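Every number in this text was worked out from the coordinates using simple rules, so none of it is lab data. Just so we're clear, the structure is a prediction, and the values are computed from it rather than from any experiment. Virtual Cβ from ideal backbone geometry, glycine too; neighbours counted across all protein chains shown.
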Amino acid sequence: MTVEQPITKKDGNGILLEAGTNELEVLIFVIGGQHYGINVAKVREIIRLPKMIGVPESHPAIDGMFELRGKIIPLINIKTFFAMTAASAANDRVVVCEFNASYYAFRVDEIRRIFRLSWRDIERPDQIMAVAIDPPPVTGVAKVDGIVVQMLDFEAIVAKVTPDDGTKRQPPAPDQRLGEIKVLLADDSKMMRMKIENTLRGNGLDKISLFSDGAMLWHELERIADAMAASKKPLSEYADLVITDIEMPQMDGLHLTGKIKSHSLLKGLPVVIYSSLITPGLREKCHTVGADYEVVKDDAQQLVGIIREIFTKRNQ
């Protein structure tokens, strides 16, 4: 791959491979001698260091902003974010990304290559979290050609270096009628799980079960299916709704949704895919595996609105 070029789109809608295959393609890059990865579905282009505009009173990790194809994009220096020595390097590369319907760029030392992996090959970063005083923004760890690659939580990095502009919609008053809804939520980002949980609880939803990847949630659903078969009780006695991210170790959200919708006892369970990757092409993939709704991860109140809609219809 030539580094100064857009990432090739295999289907015109980004690289997500076939829907529900539980595979991804990872762009591997180097920072401070360590290998990190990002899902290629988020990457739009890799460029050399651009000419930048300074941003007064910004986070130290923001090198500035630059214009690319008519868009003004902030440049985040990951080495500075990790408190590594950030000496100027003319050969540094910039990974331009799109997620949560916005563009961001990340400065790295070196681009290696793209690898295709199964989500089963990506382990939860339990050991990293256990030894870190301040847990780093890492959502998974994979071994590629004998090299340990840490999958970074880019949404968490952006959340820490960019301030809330105060324009997000204010949540409505909690709806006590939602208190009995049993929600199963899967997201590999601890920060995002907490954020979604707080939003749901703030809107009156109290029965929330959290899972750090799709495989863990699927194991719980298998347990529920066994209990349903044994007790003859309906699905609503155990679960009312699944909310799932797409990018997760072990089992991604598309694969999880396909398994739910193909299961004889679980297929009626509403599934909301809540992801930073939502695009028109991705929505088609969500529909292919049977998802009921897709929401851009930055819009928590739309998620709550959908939950209200689902259960208003059910109770009519």
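For M194, M84, M151, what's the fewest-to-most ordering of other Cβ within 10 Å of each Cβ? Write down the numbers at each step before the final one.
Details: M194 12, M84 15, M151 24.
Going from sparsest to densest Cβ surroundings: M194, M84, M151.
Compute the length gained on full extension between K313 and T85: take 0.36 nm times their separation in residues and subtract their Cα-Cα distance, giving the result in nm to one decimal. Intermediate results must be reported in sequence, preceding the final value.
Numbers: separation 228, 0.36 × 228 = 82.08 nm, distance 5.57 nm.
Working it through step by step, the gained length comes to 76.5 nm.
Which whole-number percentage describes the relative contact order of the chain, with Cα contacts under 8 Å and a sequence gap of 6 or more? Provide the component values of the computation, followed by the final result.
Working: 590 pairs, mean separation 52.1, N = 316.
About 16 percent, as a whole number.
Using 17 Å as the cut-off for backbone N distance, which residues of the range 295-316 belong to the label zone defined by a point 7 Å from the Cα of A101 along Cα→Cβ?
Counting backbone N atoms under 17 Å from the label point, the list is 295-307.
Put a dot 7 Å past each Cα toward the Cβ at K232 and E180; how far apart are the dots in nm?
2.3
Assuming a viscosity of 1.002 mPa s and a temperature of 20 °C, what translational diffusion coefficient in µm² per second does Stokes-Einstein assign to the range 235-305, Rh being the Kirkwood radius over Cα pairs? If you can, show how the numbers build up before the last one.
Working: Rh = 12.3 Å.
It diffuses with D of about 174 µm²/s by this estimate.
Could you size up the charge dipole of the chain around its Cα centre, putting +1 on the beta carbon of Lys and Arg and -1 on that of Asp and Glu, and report it in debye to the nearest 20? List each step's numbers first, then the result.
Working: 39 positive and 43 negative charges, 91 e Å.
Approximately 440 debye in magnitude.
Count charges around Q176 for me, please; just the other residues with Cβ under 15 Å from its Cβ, Lys/Arg as +1, Asp/Glu as -1.
Details: positive: R177, R201, K207, R308; negative: D175, E180, D206.
My count for the surroundings of Q176 gives +1.
To the nearest 500 deg cm²/dmol, what mean residue ellipticity at 222 nm is calculated for the chain from DSSP H runs of n ≥ 4 alone, each contributing -39,500 (n - 2.57), summed and divided by the residues? Intermediate values should be presented prior to the final figure.
Working: 8 runs with 83 residues, N = 316.
About -8000 deg cm²/dmol.
Binning at 5 angstrom from zero up to the longest distance, how are the C-alpha pair distances of the range 26-121 distributed in percent?
3, 12, 24, 25, 20, 10, 4, 1, 0
Treating only the Cβ atoms of Lys and Arg (+1) and Asp and Glu (-1) as charged, compute the dipole magnitude of the range 164-316 about its Cα centre; round to the nearest 20 debye.
Numbers: 21 positive and 23 negative charges, 102 e Å.
It comes to approximately 480 debye.
Quote the FRET efficiency, to the nearest 0.05, computed for I72 versus M191 with a Förster distance R0 of 35 Å and r equal to the Cβ-Cβ distance. Don't jump to the answer; show the numbers that get you there.
Numbers: r = 26 Å, r/R0 = 0.74.
For R0 = 35 Å, the calculated efficiency reads 0.85.
Sorted from largest down, what three extents in whole angstroms do the Cα atoms of the range 222-268 have along their principal axes?
Largest to smallest, the principal-axis extents are 34, 16, 15 Å.
Separation between the R113 and V55 pseudo-spin-labels, each 7 Å from Cα along Cα→Cβ, expressed in nm?
3.4
Beyond 28 Å, how much of the Cα-Cα pair distribution for the range 176-314 remains, as a whole percent?
Details: 908 of 9591 pairs.
The answer is 9 percent, as a whole percent.
If Lys and Arg each add +1 and Asp and Glu each add -1, what is the summed charge of the other residues whose beta carbon sits under 13 Å from the beta carbon of H219?
The answer is -2.
For the chain, what is the Kirkwood estimate of the hydrodynamic radius, computed as the reciprocal of the mean inverse distance between distinct Cα atoms, to one decimal in Å? Can you show the working numbers first?
Working: mean 1/r = 0.0484 Å⁻¹.
Result for the chain, one decimal place: 20.6 Å.
So what is the relative contact order of the range 176-314, in percent, for Cα pairs below 8 Å that sit 6 or more residues apart? Before the final figure, lay out the partial values.
Numbers: 212 pairs, mean separation 31.3, N = 139.
Here the relative contact order equals 22 percent.
For the range 18-67, what is the convex hull volume of the alpha-carbon atoms per residue, in Å³?
Working: hull volume 6.9 nm³, N = 50.
Residue-normalised Cα hull volume stands at 139 Å³.
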